Amino acid sequence: MIKDVMVWLDGSLSDEIRLAVVADIARQFDSMVIGLYLRAPLAGVRIADFTIHAAGPFCTHLLSQLGAECIKIESATRPDAFRKPHAVYGRMSAATFDQVSANKLSVRLNLKQPEAVALAKRLVAVSDVAAESFRPGVMKRLGLGFDDLRIAKPDVVLLSLSSCGQSGPDSHFAGYAPLFGAWGGLGWMSGYTDGPPVEMRHVMDHSAGVHAALATVAAIHQRRRTGQAQHVDLAAREVASAMIGDALVLASTGVTPLRPGNADLQMAPHGVYATATPDRWLTIAVRTDAEWQALATVLQLTDACTAARFASAESRLRERDALDALLTQRLMQRNADETAVQLQRAGVAAHVSWTMQDIADDPHLRARGAVTEVSAPDIPARLAVGAPARFSRSDDVGIRRLTPTLGQDEDYVFGELLGLSSAQRADLQAREIIL
C-alpha cells in the first residue's frame, strides 16, 4: 500500500492512473478493515496458563473463547485432576476437563526441574498474561512468583486465583467450590428456612472464573495505558461474599436473615411448583397485581381472583403459604409445558425448570450458538457450551477446537515460539524436563 501511495503522489502521472491507484488503495484498506473487524476481541493476547482444577481454568477458557491464545502448562508427572476420567459423569473420559479446556494449547513442563522453570519464564516472556490457581506461595517456591516473572517480562499481568487470597490470616487455606460458598455466606443463604445450608458447587467455580476473567481484561487494559506490570489477586470466597449484599445489610442492622428457599422478600407467588407431569416443575414469579390477575385467570382461580386476602402484593406475601398450597393443588392437575406457554402469553413470568436434555434440544440456544456442536478427527461430534456473548464486530468468538491431548501443541510452542530445535527438545524429553 505504501508503494501505491508513492505512485499516487507522482505528479507526472495522469489523473486516470492516479484515480485507479486510489481505487486500489481503497480496496486494500477495506480488506484490512474487514480482517480486523472479524477478529475476536482478544485476538493477539497470549496467556501462559498454569491454572488447575475448575475456577482458574474456567477463567482462561472464557478468555480463549474471546480470542486469546491460551497455552496450558501441564506435566505427565502430575496431571490436572480434571484431566482424569470421571465415571460419575457417565463416560470414562474427562468431561469436566473438556468443559474448561477447549480452545487451549497444551505443552508439558516438569516444573520440579530448574530448566523447565526457565522454559516457563521464556514462555511468559512472549505472553501477555500468566494465570495460576495454586495455593499462595506455590508459584514463588517454583521460582515463578510475581517478582520472578517481572524479570522475565517487565510488564507482565499475573492472575492469582485462590480460595482466600494471597494475603491475610486465612491465605494458606485450601478450598474447593463448596467451601467458597460456605466461607462467603452464600451457602447459608441457600436452602429452606427449616433445612440446612446448601452447598454451592460448580456455580462457585464458574462465578470465581468469571470475576477472574473480568479482572484480567481490566489489568490488560491498564497495562496498555501505563506500561506497568500488574498482579491480580482474587479470592473465591470473596466472590461468594459479594453475592450476599442484601443479607449482609440486614445482618448489620441486627436482623438475622433466614434461608428463603424459593420464596422472595417482595414477590408472591414466587417458587417452583409440581405439575401433573412427573418431575416436570413450573417456575413462577409474580410481581404486580396485574400479573396476579393474569395468573389466576389462566389457572381459572375465580374465587382467588376476587379474594381480598390475595388482592395486593402485601396481602399475598402475608398469605404466602395458603397461596402456594392453592397453586400447587391447581398445577398438579395441569401440564407443565402447556401452562408455561399460556402464562407467558398472558404476561406472567413462568417457565418449566428445564432438564439438561431440554437445554441440549433447545432451538433458541442452538440458533444463538450458546449450545454448539464440536468435532475433531476420530472424535464423534458432540455438544458443547458456547460463548454466552455475541459481538457485532466479530464472527470468531466461541469454541474453535476441542480439548488438547497432553503436550499436543509442543511443535508450535517450543518450536515456533521459543525456537527450540528438534534435537534440543529430544534432549529435554530424555532428561524429563519436558514430561
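The values are calculated or read from the model by the stated rules, or taken from the named source; none is laboratory data. Fair warning: this is a prediction, and the values are worked out from it, not measured in the lab. Every residue, glycine as well, gets a Cβ built from its backbone with ideal geometry; the counts of neighbours run over all protein chains shown. We work out accessible area using only protein heavy atoms, side chains counted, and drop any ligands, DNA or RNA first. Shrake-Rupley method; radii C 1.70, N 1.55, O 1.52, S 1.80 Å.
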Residue list for the range 390-417, filter: within 29 Å of the chain's Cα centre (by Cα) and exposed (fewer than 12 other Cβ atoms within 10 Å of the Cβ): Ser392, Arg393, Thr405
Restricting the range 64-78 to residues that are part of a loop (DSSP other than H, G, I, E, B) and touching a strand residue (DSSP E or B) at 6+ places or on another chain (Cβ under 7 Å), the residue that is nearest to Asp128 (Cα to Cα): Ala68
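Quick one: which residue in Ala213, Ala218 is more than 12 Å from Ala55 (Cβ to Cβ), under 17 Å from the mean Cα position of the chain (by Cα) and not basic (Lys, Arg)?
Of the residues listed, the single one that is more than 12 Å from Ala55 (Cβ to Cβ), under 17 Å from the mean Cα position of the chain (by Cα) and not basic (Lys, Arg) is Ala218.
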Are there any pairs with C-beta distances below 9 angstrom linking a residue in the range 93-119 that is under 15 Å from Ala55 (Cα atoms) to a residue that is assigned to a loop (DSSP other than H, G, I, E, B) and modelled with pLDDT of 95 or more, with the two at least 6 apart or on different chains, and if so which? Val100/Thr51
Residue satisfying condition, being part of a helix (DSSP H, G or I), open to solvent by less than 20 Å² (accessible area, probe 1.4 Å) and out of contact with any helix residue (DSSP H, G or I) (no Cβ under 9 Å at 6 or more places or on another chain), within set Ala290, Ala304, Ala340, Ala325: Ala340
Give the number of residues within the range 356-380 that are open to solvent by 100 Å² or more (accessible area, probe 1.4 Å) and part of a loop (DSSP other than H, G, I, E, B). 2
Of all residues in the range 167-209, which are open to solvent by 70 Å² or more (accessible area, probe 1.4 Å) and in contact with a helix residue (DSSP H, G or I) (Cβ under 7 Å, 6 or more places away or on another chain)? Trp183, Glu199, Arg201, His202
Among the candidates Leu420, Leu383, single out the residue that is open to solvent by less than 80 Å² (accessible area, probe 1.4 Å) and closer than 25 Å to Phe97 by Cβ. Leu383
Within the range 148-166, take every residue that is within 19 Å of the chain's Cα centre (by Cα) and under 25 Å from Ala125 (Cα atoms) and give me the one that is surrounded by the most Cβ atoms within 10 Å (Cβ to Cβ). Leu161
Taking only the range 209-235 into account, find how many residues are farther than 17 Å from Leu62 by Cα and in contact with a Cys (Cβ under 9 Å, 6 or more places away or on another chain). 1
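Here's the yes/no breakdown for (1) modelled with pLDDT under 95; (2) within 22 Å of Asn262 (Cα to Cα); (3) of a type in the set (Asp, Glu):
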position	(1), (2), (3)
Asn335	no, yes, no
Ala350	no, yes, no
His364	yes, no, no
Ser392	yes, no, no
Asp395	yes, no, yes
Leu420	no, no, no
When you look at Leu248, is it among the hydrophobic types (A, V, I, L, M, F, W, C), open to solvent by 60 Å² or more (accessible area, probe 1.4 Å) and within 30 Å of the chain's Cα centre (by Cα), yes or no? yes
